[in-house]
1. Determine which single condition ALA166 fails, assuming it passes every other condition in (1) in contact with a helix residue (DSSP H, G or I) (Cβ under 9 Å, 6 or more places away or on another chain); (2) more than 28 Å from GLY31 (Cα to Cα); (3) not β-branched (Val, Ile, Thr).
2. Take the residues of the stretch 29-43 that are within 15 Å of ligand 2 (Cβ to nearest atom) and charged (D, E, K, R): which is farthest from the chain's Cα centre (by Cα)?
3. Filtering the stretch 54-80 down to residues that are surrounded by 15 or more Cβ atoms within 10 Å (Cβ to Cβ) and within 12 Å of ligand 1 (Cβ to nearest atom), which residue is farthest from ASP95 (Cα to Cα)?
4. Considering each residue of the stretch 172-215, count those that are surrounded by 18 or more Cβ atoms within 10 Å (Cβ to Cβ), among the hydrophobic types (A, V, I, L, M, F, W, C) and on the phi < 0 side of the Ramachandran plot, and give that number.
5. Going by the structure shown, is GLU153 at pLDDT 95 or above, buried (at least 21 other Cβ atoms within 10 Å of the Cβ) and over 12 Å from the mean Cα position of the chain (by Cα)?
6. Residues that are touching a strand residue (DSSP E or B) at 6+ places or on another chain (Cβ under 9 Å), within 21 Å of SER199 (Cβ to Cβ) and away from ligand 3 (no atom under 16 Å from the Cβ): which helices (runs of 4 or more DSSP H) entirely in the stretch 8-114 hold 3 or more of them?
7. What pairs can you find where one residue is in the stretch 18-30 and over 24 Å from ASP226 (Cβ atoms), the other is away from ligand 1 (no atom under 16 Å from the Cβ) and of a type in the set (Gly, Ala, Ser), and their Cβ atoms are less than 7 Å apart, with a gap of 6+ or different chains?
8. Please enumerate the residues belonging to the stretch 37-53 that are within 8 Å of ligand 1 (Cβ to nearest atom) and without any contact (Cβ under 8 Å) to a residue 12 or more places away in the chain.
Amino acid sequence: MSLLDKFRHKRLEAEVDFENIPKHVAIIMDGNGRWAKRRSLPRKSGHAMGAKTFEVISECAGELGIKVVTFYAFSTENWKRDKDEVESLMALLEDYLDNGLKKLKNRAQIRFIGDMSAFSESFREKQRYVEEATKNNSGFLINVALNYGSRDEITRAVRSIAADAAAGRLAPEDVTEELISSRLDTGGLPDPDLIIRPSGEFRLSNFLMWQGAYAELWFDKILWPDFTRDDLLRAVADYQRRNRRFGGR
Ligand code: IPE
Ligand code: IPE
Ligand code: MG
C-alpha cells in the first residue's frame, strides 16, 4: 500500500460509524468480463480474479461487523452464456467448494441460496458439506447466490404455499408478507440494508427484489476484480449518510 493509499484508507475508516454497521449487505459481483477484456485476457481470468475479490471482501465484511453478506455469484439467466464460460464458472465454483471456502470455515457460516436442483449430485453434496461444516460458526453468515433469480425464488415460494393450500394446511388469509418472506431462500434472515453493484450498471438483474424493497442501493463504476476493502468502506460510509424513511416521515 502506498503512503497515499494508507492515508485514504485511514480517512475512510474515520468516516465509518462502527456503531451503525448495516446488518445485511448484498453484493452483485459484476464486471469480471470487462476487467479481463481490458487486459486482453480470457473472461475466465476475470472470473478467477473476481473469486479472489470475493475472498478478500468476505473477510472484510466479517471484520467490519456485518452479520450477513450475500454474494450474487451466478444468476438463473447466466446459463445463457457460452458453454465454455459456464463451464469455467462451474469449475471455479467447484474449486471453491473443495478448497477456497474452507479458509473461512472457522469464522463464517456459509449457505447457498438459489435453485440447487440444477446442479449435479456431487456438486450438491459438496455444497451440503460446506453448509454442514460451517453451521456452528457464529462470526457472520456468507450467503452465496447460485442459480439464483428473484422471480424464480418467488415462484418456488408461491408454489410451496399453493401446495400447502391445496392440501388444506393453509387458508388464503394465512398468506401474509411474513409467510412469503419465510418461504424465500433467505427465510429467517434480515432483509438487506445495502445492495452494492459495481461495474457501472444501474440495475438489480433479478437479485433480492422482494427482500430489497427498502434496501439502500450503491452503484459504482469500479469492476468487481478491482473492488477493495476501501470500496466496501466507501459504500458503508455512504449508506450511513442516507436517511432511511421506510415510507414514514
Ligand atoms: C460477473 O461478471 C460474473 C457473473 C455474472 C457470473 P460478468 O461476467 O457479468 O462481467 P461483465 O459484466 O461481462 O463485465
Ligand atoms: C448479474 O450480473 C449476475 C451476477 C453478478 C451473478 P450479469 O452480468 O449477469 O447482469 P446483466 O446481464 O448485466 O444484467
Ligand atoms: Mg455482467
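The values are calculated or read from the model by the stated rules, or taken from the named source; none is laboratory data. These numbers were taken from a predicted model, which means no experiment stands behind them. Because the Cβ atoms are built from the backbone with ideal geometry, glycine has one as well, and the counts that use them run over all protein chains shown.
1. (1)
2. LYS37
3. Among them, the one singled out is THR76.
4. Number satisfying all stated conditions: 7.
5. Spelling it out, GLU153 is indeed at pLDDT 95 or above, buried (at least 21 other Cβ atoms within 10 Å of the Cβ) and over 12 Å from the mean Cα position of the chain (by Cα).
6. Ranges flagged: 43-64.
7. Between residues of the stretch 18-30 that are over 24 Å from ASP226 (Cβ atoms) and residues that are away from ligand 1 (no atom under 16 Å from the Cβ) and of a type in the set (Gly, Ala, Ser), the close pairs are PHE18/GLY65.
8. Residue satisfying the conditions is LYS37 alone.
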